[in-house]
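Structure first, then comments.
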Amino acid sequence: MANIIQAVRGMNDLLPDQTSTWQAVESIIKTTLSEYAYKEIRLPLLEKTTLFSRSIGGATDIVEKEMYTFADRNGDNLTLRPEGTAGCVRAGIENGLFHNQTQRLWYMGPMFRHERPQKGRYRQFYQTGVECFGFDGPDIDCELIALSARIWRKLGLENIKLELNSLGSLESRTAYIKVLTAYLSDNVDELDEDSRRRLKSNPLRVLDSKNPDMQNIIEQAPKLIDNLDSVSQEHFNQLKEMLTSHGIKFFINPRLVRGLDYYSRTVFEWTTDKLGAQGAICAGGRFDSLVEQLGGKQVPAVGFAMGHERIIELVKTAGNSMQSGHLDIYMCLLGGEAKRAGMLLAEKLRDKSLNILAHCGDGSIKSQLKQADKSGAKVALILGEDEVSSDKIIIKPLREKKSQYSVDQKDLFSHLLP
Ligand code: ATP
Ligand code: MG
């Protein structure tokens, strides 16, 4: 046993006893997206490194220290996607998806970041990303938030808080960064090392600091929300009104800046206090300049990404049992003749869309019934030599107090599917 190869740190196997919850949650997310007429886009896991450094921003945590980057055999610099927006925009430009049309898109799959693994933070993790292109107004911002709220409702998640902020236009943000930089420079003695570095490279990110010693100076800092341009202010006011009319509660968090450079105007985060330090389950906002920045036309855009691990952890914490793929029948087979006949009968039952587990290998009736019970199946069907020769089969209900009974094989369907 000395030489067992283990998985890469921070990259988890999802085992069979977990995947049914994952499937159930993912299926709720997909159904909800269909209810809003969003369409799936499937994107590569690998992209050219420059795609991420040019979009996410050179001075962000992701690009500075979290990317899995390597040269492939041709010497091309590639990166395992740390998030999906950049790839989605790249694909949209490359395939002309933004020409004179709007898009409501989603994708689901693994993302990769070289972070310190801990509860709720992994190096391979799963996201659903949702992105809309070509919509300028706050109505689509509201739709995205309502869509995510609907997902939480369907998953039975309560007490998730919506935090909201506006970063303004790129211009008002640039003006604000000057004001902020002046303030932080005046107080440079109170900044920790990380923040001093950020003051030079990306001052907005100082506001994002989790260091308790930094909270006072952050609290006192001039607020972006007080420095908004009038168009962004109006957009934000309308969004707040719409959310209120939808009955969606929100909290303005002036310090919510998000870790990625491409955001402007609306930003939001859904957070919970049930998961300890890793409390953000979904985050997003507008990125009206990203398409242009990556070589396309000016196309307004807004989106969000939700983290599956944290959502599923929350579903479990809430005690909601969410399972996919029920088993209808466990078929017990005793003896060679019964095995042959039973396999064929099982095929016919599957033609009727029943989920059926046919016992393989040997085993006494007692041990087969034990396994049938454990399998979660609603009924056991029992086929032995006697049944085969008389074209009968035994039905044994497993989840109700009812004794087993024997029926003619030709009448089986009507007993199973009344
Ligand atoms: P955080 O502040 O937790 O680092 P983030 O701002 O880096 O999050 P985003 O890039 O906006 O996160 O990703 C959206 C969502 O994806 C997060 O809200 C979270 O639920 C999930 N997520 C992000 N990074 C990880 C990770 N390393 N492991 C698990 N889930 C993650
Ligand atoms: Mg992060």
Between residue 34 and residue 403, what is the spin-label point distance in nm, taking each point 7 Å from the Cα along the Cα→C-beta axis?
-> 4.5 nm
Point-to-point label distance, residue 223-residue 186, nm (Cα→Cβ direction, 7 Å offset) = 1.8 nm
Accessible area per residue, Å², region 329-416 with all protein chains present, probe 1.4 Å | 59 Å²
Assuming R0 = 30 Å, can you tell me the calculated FRET efficiency for the pair residue 102 and residue 177, based on Cβ-Cβ distance, to the nearest 0.05?
-> 0.45
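How much of the accessible area of the chain, probe 1.4 Å, is carbon plus sulfur, in whole percent? All intermediate terms of the calculation are to be shown ahead of the outcome.
Details: 10570 of 21240 Å².
About 50 percent, which is the carbon plus sulfur part of the accessible surface.
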Just check region 329-416 against the gyration tensor rule for me: Cα atoms, a ≥ b ≥ c as the square roots of the eigenvalues, rounded for a/c under 1.5, and otherwise prolate or oblate depending on whether a/b exceeds b/c.
-> rounded
So, with points 7 Å from each Cα along the Cβ direction, the residue 116-residue 12 label distance in nm works out to 1.9 nm
Identify the GluC sites (Glu not before Pro) of region 141-192 meeting these criteria: DSSP loop state and at most 11 other C-beta atoms within 10 Å of the C-beta.
-> 158
Could you give the dipole magnitude of the chain about its Cα centre, charging the beta-carbon of Lys and Arg +1 and that of Asp and Glu -1, in debye to the nearest 20?
-> 780 debye
Expected field for residue 157, accessible surface area in Å² at 1.4 Å probe radius, rounded to 10, holds 20 Å²
For residue 234 and residue 292, what does the FRET efficiency come to when R0 = 25 Å and r is the distance between their Cβ atoms, rounded to the nearest 0.05?
-> 0.65
For residue 287, which sequence-distant residues (separation of 5 or more, or a different chain) have an amide H within less than 5 Å of its own amide H, given hydrogens modelled in the peptide plane?
-> 264, 301, 302, 303
So how do 11, 214 rank on accessible area, 1.4 Å probe, biggest first, that is with the largest at the start?
-> 11, 214
Quick one: net charge of residue 399's neighbours, Cβ under 12 Å, K/R +1, D/E -1?
-> +1
Percent RCO, i.e. relative contact order, over the chain, from Cα pairs under 8 Å lying at least 6 residues apart = 16 percent
Starting from the residue with the highest accessible area, list 223, 48 in decreasing order, probe 1.4 Å.
-> 48, 223
On the full set of protein chains, 1.4 Å probe, figure out the accessible area of residue 54 and give it in Å² to the nearest 10.
-> 140 Å²
Of 30/274; 378/402; 374/410; 65/223; 119/161; 154/316, which pairs sit farther than 18 Å apart, going by alpha carbon to alpha carbon?
-> 30/274; 374/410; 65/223; 119/161
Give the accessible area for residue 408 in Å² (nearest 10); use a 1.4 Å probe, count only protein heavy atoms, and leave out ligands, DNA and RNA.
-> 50 Å²
By accessible area with a 1.4 Å probe, ligands and nucleic acids excluded, highest first: order of 119, 374 | 374, 119
FRET efficiency estimate (nearest 0.05) - Cβ-Cβ, residue 327 to residue 277, R0 51 angstrom | 0.85
Between residue 390 and residue 161, 0.36 nm times their residue separation minus their Cα-Cα distance comes to what?
-> 76.1 nm
Whole number in Å², please: accessible area per residue of region 81-187, 1.4 Å probe, ligands, DNA and RNA not counted.
-> 39 Å²
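The values are calculated or read from the model by the stated rules, or taken from the named source; none is laboratory data. Please read these numbers as outputs of a predicted model, since none were measured by experiment. Cβ sites come from the backbone with ideal geometry, for glycine too, and all protein chains shown count toward neighbours. To get the accessible areas, we keep the full protein, side chains included, count just its heavy atoms, and leave off ligands, DNA and RNA. Shrake-Rupley method; radii C 1.70, N 1.55, O 1.52, S 1.80 Å.
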